[in-house]
Every structure is written in C-alpha cells, then in structure tokens.
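Read-outs throughout are calculated quantities, based only on the coordinates presented, and are distinct from any laboratory measurement. Just so we're clear, the structure is a prediction, and the values are computed from it rather than from any experiment. So basically every Cβ, Gly included, is an ideal-geometry build from the backbone, and we count neighbours across all protein chains shown.
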Amino acid sequence: MEQRKRKIAVLTSGGDAPGLNACINAVVRTAIYYNYSVLGVRDGYEGLITGRVMKLDLTDVNDIIHLGGTILKTSRSEQFKIKEGRFLAYEQLKQKDIDHLIVIGGDGSLKGTSIFSKEYNDISIIGIPKTIDNDISGTDYSIGYDTALNTAVSAVDKLRDTAESHNRIFIVEVMGRDAGYIAYGTGLATGAEGILIPETHMDHVYLLDNLRRNWHEKRSSLILIVAEGDETGGARRVAEEITNYLGNKEIRISILGHIQRGGSPTAFDRILATQLGNMAVTFLNKGAKNVMVGFQRQEIITIPLKDVGRRSMSLNEKALKLLEIMTS
Ligand SMILES: Nc1ncnc2c1ncn2[C@@H]1O[C@H](COP(=O)(O)OP(=O)(O)OP(=O)(O)O)[C@@H](O)[C@H]1O
Ligand SMILES: O=P(O)(O)OC[C@H]1O[C@](O)(CO)[C@@H](O)[C@@H]1O
Ligand SMILES: [Mg+2]
C-alpha cells in the first residue's frame, strides 16, 4: 500500500522583510528532499483561517532567492488573536491533513504560534524569526534586518551629500518599532552626529550641546538618526526641539518609512534565511516541535516557542562609550 505523503504547510506573517522568499525557497527544497509535500498558505494567519493554500513545487521557488517581499503574501490578522479564529485555523489544518506547520514571523507572529501550539498539541510547529526590527529574543539576527539596515545606510549617505552642499541639519527617522537596532546601526555606519534610540534615555541638554558644538566647530552638516520608537516622539518633535535651541532654520526631516522593508535581500540575509529555512525542516524531520530556529554565535539552534518574545537592544558600557565617542 502506498504511504500517505507527509505534508508541511508554510506561511509568512507580520510585516514583510527582505529574505522571506529565500527562506521559502529553502523550506520547499529541504522538505521535498526529505519527501514531504509542501503547501504554501497565502496571506499569513488570515489565509490559514480561511484555508487559502497552494501546492509548492521546486518550479514555484526557482529564481525567487533574490526577490524582496513574499510570494505567499502576508498579513496582520486580528482574527488569529482570538481563540475562535485560531480554532478555525486548526480546523483548516485538520481538514487538509496537515500536521506540520512552519511560521516565518516576527515576535508577534511567534507569540501567536506559541499560543496556538499550546491549544492544539497535535500540530508540530516550527517558527523562523524574520523582521527588519531585529527584536526577537533567542536569535542574534532575524531575517530582513541586515537588508533594512543597508537600505537606511545608503539613504543616509545620500542625505549627507545634500546636507553638506546646503549646510543643513537632517533629522532622519528610521523604523524598528520599539527597538533601536536599525537606528543604532545606521548611526554608527554613517558617522551620524546623534543617535536617539528607545534603549538609551539620552539627556537632551547633552545632545543639543553636542550638536551645537559640532555645528560651530566642526561641521557644515549634521545628521541625527531617530528611532521611530524613541520616547522623544519621532523626527518632527526632535526637529522642533533643535530649531528652538539652535535657532537654525535649515533643518530638514526625512522619514525613511517602508522603503526599509523592500528590495533585494543582502547576501547575509539570503544566507541566514537559507540556513534557518533548511534547519527548520531538518529539525522538524527529526521530530522537533514547538520550537523556533535561531542563529546564535554562528550556530543554528532551537529554543522552545514558549520562551520566544520581544527583545530590546541592551547596550553595555563599551557600546555606550562607542556611541559617545563617535557622535562627539
Ligand atoms: N498575542 C497574540 N496572540 C495571537 N496572535 C498574535 C499575537 N500577537 C500577534 N499575533 C498574530 O501575529 C500577527 C503579526 O504580529 P505583529 O503585527 O506583531 O508582527 P510581527 O510578527 O511581530 O512582525 P513584524 O514586527 O516584522 O511586523 C498579528 O497580526 C496576529 O495575527
Ligand atoms: O507596515 P505597517 O503595518 O505600517 O507596520 C509598520 C511597522 O512594521 C515594521 O516595519 C516591522 O515590524 C516596524 O518597523 C514598523 O513600526
Ligand atoms: Mg514585531
């Protein structure tokens, strides 16, 4: 008698991030290698609840490794946050005879996955961390962060050209939700004169004095990077504060926004996505369930889904000193 082919369903959830397609590619190739059939769930948890699935073969993932976005599309689903919504998702999985699920998501999506896994223990779930915010515990990097960082750096380099030409101050707001990873990295990589992130409660008198010193003594342009989650309330508020203090009219604001989510993934993100996607299926095939695969100290590891959550950057003394010296 022919054996039933085991099925793996895969979905992407939360904000899109460069490298999702590279990860889907790795999941599909590894699953087919181990003789699973693979179903792609459309539109994240929304598609899981309504049963929108498509079969994925090797031909569906050829030449997607370099593409931004996600071929499966994604969503933020209010329904999945409630028990009834998750029950519908479970019913769909059972109807379609799927008992392995891979969720490529951010901290919110993985929290949802963890709750779902406690409610329905007969589904084996593996989480894969993705988000440009890099704010997921249990992994040093999440898929998409490196590309978003490089996009922000390249934008700020361009802003420096025009700022220098016009002797202007630029306040640049970057994404990251409640975390300062993109802002901190962008500021360091572009030689910004100020970096405002939620994790450091920057003394504004110090910041403004520092900017004034820089302005009068050293530079004909200033760049200040502000994380969207910083307590000052974003680039506009900071611009008002600086205008009041320096009396300078030549201040411009640039909010980089969703441009940071798009574009072709960097080599780092493609490799990370490939390793995580591959190991998610490999661990699943060995019987692992209800874990997230993560990247820690150059190794792919697993941690229980229940222990995955949001993290914010912790800056040790060395990192704070570096920030102080490089912006002074
Ligand atoms: N506590 C929760 N319980 C159940 N589902 C949740 C929970 N938190 C989030 N989710 C589900 O995960 C979806 C995505 O979460 P969220 O909007 O926080 O994005 P994310 O996965 O953190 O990704 P990113 O931060 O990159 O956008 C939510 O729309 C919801 O469907
Ligand atoms: O795409 P949306 O729903 O506007 O969400 C924007 C948020 O998503 C992210 O891009 C990724 O979590 C955050 O940096 C940002 O705060
Ligand atoms: Mg998130």
Near the amide H of V226, under 5 Å away, which other amide H atoms are found, from residues 5 or more places off or on another chain, if H is placed in the peptide plane?
V172, E173, V174, L196
Taking only the alpha carbons of region 7-95, what extent do you get along each of the three principal axes, in Å, biggest first?
37, 28, 15
When V174, V38 are arranged by how many other beta-carbons sit within 10 Å of their Cβ, fewest first, they go V38, V174
Using Cα centres only, tell me the gap between region 201-235 and region 136-190 in whole Å.
15
What one gets for region 106-187 as the Kirkwood radius, inverse of mean 1/r over different Cα pairs in Å, is 14.9
For Y34, Y184, ascending order of other Cβ atoms within 10 Å (fewest first) is Y34, Y184
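Determine the alpha carbon to alpha carbon distance for each of K130/K318; K5/K118; K73/K321; K158/K249 and list only those over 30 Å. Walk me through the intermediate numbers first.
Working: K130/K318 28 Å; K5/K118 26 Å; K73/K321 42 Å; K158/K249 21 Å.
In this structure, K73/K321 lie more than 30 Å apart at Cα.
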Phi-derived 3J(HN,Hα) across region 54-60 with the Karplus relation (6.51, -1.76, 1.60, θ = phi - 60°), rounded Hz, x for Gly and Pro, is 9, 6, 10, 10, 4, 5, 6
One would report the antiparallel percent of DSSP beta bridges in the chain, rounded to the nearest 5, as 25
Starting at 0 and stepping by 5 Å, how many percent of the alpha carbon pairs of region 185-306 end up in each bin?
2, 9, 14, 16, 12, 10, 9, 9, 8, 6, 4, 2, 0
Under the Karplus curve 6.51 cos²θ - 1.76 cosθ + 1.60, θ = phi - 60°, whole-Hz ³J(HN,Hα) for region 226-235, x wherever Gly or Pro sits:
10, 6, 4, x, 5, 5, 5, x, x, 4
Calculated [θ] (222 nm, deg cm²/dmol) that DSSP helices of n ≥ 4 give over the chain, each run adding -39,500 (n - 2.57)
-13000 deg cm²/dmol
For I136, distant residues with modelled amide H under 5 Å away:
R311
How about region 79-136: which trypsin sites (Lys or Arg not before Pro) there are in a DSSP loop, with at most 16 other Cβ atoms within 10 Å of their Cβ?
K96
Out of every Cα pair in the chain, what percent are spaced more than 38 Å from each other?
24
³J(HN,Hα) computed for each position of region 156-173 - Karplus, 6.51 cos²θ - 1.76 cosθ + 1.60, integer Hz, glycine/proline x:
5, 4, 5, 4, 4, 4, 6, 4, 4, 4, 10, 6, 10, 9, 10, 9, 10, 9
Once each part is reduced to its C-alpha centroid, what is the distance from region 30-48 to region 237-314 in angstrom?
23
Sorted by Cβ density within 10 Å, fewest first, the residues Y245, Y181:
Y245, Y181
If you fit an axis through the alpha-carbon atoms of helix 267-285 and take the longest principal axis of the Cα set of the chain, what angle between them do you get, 0 to 90°, nearest 10?
30
Which of the GluC sites (Glu not before Pro) found in region 15-109 are loop residues per DSSP with 11 or fewer other Cβ atoms within 10 Å of their Cβ?
E78
State, to one decimal in nm, how far the label point of A189 lies from the label point of N35, with both points 7 Å from Cα in the Cβ direction.
4.4
Taking H as built 1.01 Å from N, whose amide H comes closer than 5 Å to the amide H of L101, not counting residues under 5 places away?
A9, S124, I125, I126
